[in-house]
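Remarks on the structure that follows.
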Amino acid sequence: MTLRIGTRGSALAVAQSTTIAERMAAATGEPVELVRVHTEGDRSQGTGESLSSLGGTGVFASALRESLLAGECDALVHSLKDLPTAKHPGLVIAATPARADARDALCARDGLTLETLPQGARVGTGSPRRVAQLLARRPDLEVLDIRGNVDTRLGRVGADLDAVVLSAAGLARLGRLGSATELLGLGWWPSAPGQGSLAVEVREGERSDELATALAAVQHDDTRLVVTAERMVLAGLEAGCAAPIGATAVIDAGLLLLSATVYSPQGDRRLSSSHAVTLDDGPLPARLEDVDAVSDRVVTELLEGGAAELAPLGGGPSGGDAMASAS
């Protein structure tokens, strides 16, 4: 049996999917084939339209999911932060591989950092969260909306831009982490919920022995717990792709620590909440109940503190970064 993995055709998506496919093939002893699917988000890369105007991060997932439901592939590999938080009918996230670096990376000309960028420097990003964070730290910067794949964005550094902000995980998966001049610490620069994590999605209720073995080979329970906590904040706030929200969860000595920050679009105000929970020692479903409880506390505190008035949280459950697709 050949296991077919659906993926977008971008260099980053193929690199991510290839890594997962190789691990699945090693576990099952069966061949794994990549099925490239073109999405509306990919086709519009050169149109200049913002991602939110095209329908948000889900624009990259919808064609993939249609392909899976049509039986054209057996599983999908997504960047988790590309996925809307609402469950898609007939599909389920069946595995979350071990998370890579969740940080954002500044890629600047001449080895510059966020602090050493000159006054009025031009910085490119397509993420409302990153826009707000950049302006919060450096209100003098000129932050420009950009699109395109990783190489396209990096190619503008030193040309018409002084820097761009991308995800460290995406750069590393493409062998381009050396382009980063600064890795932005999660303590003061929380990234998008689920950033650095992949998700394997399959048809609900469909589990051949080969597929079950493949999924078990790539599943990482601690990653599932932390990214679920982060994404439940996004879902609880009913935040769409235009909402500037960062969230970070970590597990330390049996405790899951969750922090989330909501920014005003201009970065001049922000609201944060942090809570912790002792994780159950039992199976994953029991520990996910603990995650649900701590996420609820964070969401409640943010809403009571005025998060809905601070930032645009409407638009329904969605991904957390408008340009997650390009790292």
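The values are calculated or read from the model by the stated rules, or taken from the named source; none is laboratory data. Since the structure is predicted, the reported quantities are computational estimates derived from the model, not experimental observations. No Cβ is skipped: glycine too gets one built from the backbone with ideal geometry, and neighbour counts run over all protein chains shown.
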Checklist (1) in the same structural domain as ALA75 (by TED's automatic domain parsing); (2) among the polar types (S, T, N, Q); (3) crowded, with 17+ Cβ neighbours inside 10 Å applied to SER179, failing item: (1)
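How about the range 276-286: which of its residues are assigned to a strand (DSSP E or B) and over 30 Å from GLU309 (Cβ atoms)? Walk me through how you get there before you give the answer.
Going through the range 276-286, the residues assigned to a strand (DSSP E or B) turn out to be 276-278.
Residue satisfying the conditions is THR278 alone.
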Within the range 2-29, can you find the residues that are assigned to a loop (DSSP other than H, G, I, E, B) and surrounded by 15 or more Cβ atoms within 10 Å (Cβ to Cβ)? SER10
Single unsatisfied condition, GLU289 versus (1) part of a helix (DSSP H, G or I); (2) within 22 Å of the chain's Cα centre (by Cα): (2)
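Can you name every residue in the range 6-23 that is in contact with a Leu (Cβ under 9 Å, 6 or more places away or on another chain) and closer than 20 Å to GLY196 by Cβ? Steps first, please.
We begin by selecting, within the range 6-23, every residue in contact with a Leu (Cβ under 9 Å, 6 or more places away or on another chain); these are 6-8, 11-12, 14-21.
Listed by number, the residues that qualify are THR7, ARG8, ALA11, LEU12, VAL14, ALA15, GLN16, SER17, THR18, THR19, ILE20, ALA21.
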Being of a type in the set (S, T, N, Q) and not in a strand (DSSP E or B) is the filter here; which residues of the range 122-161 pass it? SER127, GLN133, ASN149, THR152
Collect the residues in the range 63-108 that are surrounded by fewer than 19 Cβ atoms within 10 Å (Cβ to Cβ), in a loop (DSSP other than H, G, I, E, B) and in contact with a Ser or Thr (Cβ under 7 Å, 6 or more places away or on another chain), keeping them in residue-number order. ALA98
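Could you identify the single residue in SER273, SER259 that is in contact (Cβ under 8 Å) with a residue 24 or more places away in the chain, within 21 Å of ARG129 (Cβ to Cβ), touching a Pro at 6+ places or on another chain (Cβ under 7 Å) and in a strand (DSSP E or B)? Steps first, please.
Values: SER273 fails: touching a Pro at 6+ places or on another chain (Cβ under 7 Å).
One residue alone meets the criteria, SER259.
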The lone condition ILE251 fails out of (1) in contact with a Gly (Cβ under 6 Å, 6 or more places away or on another chain); (2) surrounded by fewer than 18 Cβ atoms within 10 Å (Cβ to Cβ); (3) of a type in the set (A, V, I, L, M) is (1)
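If you go through the range 273-296 one residue at a time, how many are closer than 14 Å to ALA247 by Cα and either among the basic types (Lys, Arg) or surrounded by fewer than 16 Cβ atoms within 10 Å (Cβ to Cβ) (or both)?
Within the range 273-296, the subset closer than 14 Å to ALA247 by Cα is 273-276, 291, 294-296.
So of that shortlist, the ones also either among the basic types (Lys, Arg) or surrounded by fewer than 16 Cβ atoms within 10 Å (Cβ to Cβ) (or both) come out as 274, 276, 296.
The qualifying residues number 3.
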Total residues in the range 201-220, condition closer than 19 Å to HIS78 by Cβ and not basic (Lys, Arg): 12
Take the residues in the range 207-221 that are of a type outside the set (S, T, N, Q), in a helix (DSSP H, G or I) and touching a residue at least 60 places away in the same chain (Cβ under 8 Å); name whichever of them is surrounded by the most Cβ atoms within 10 Å (Cβ to Cβ). ALA214
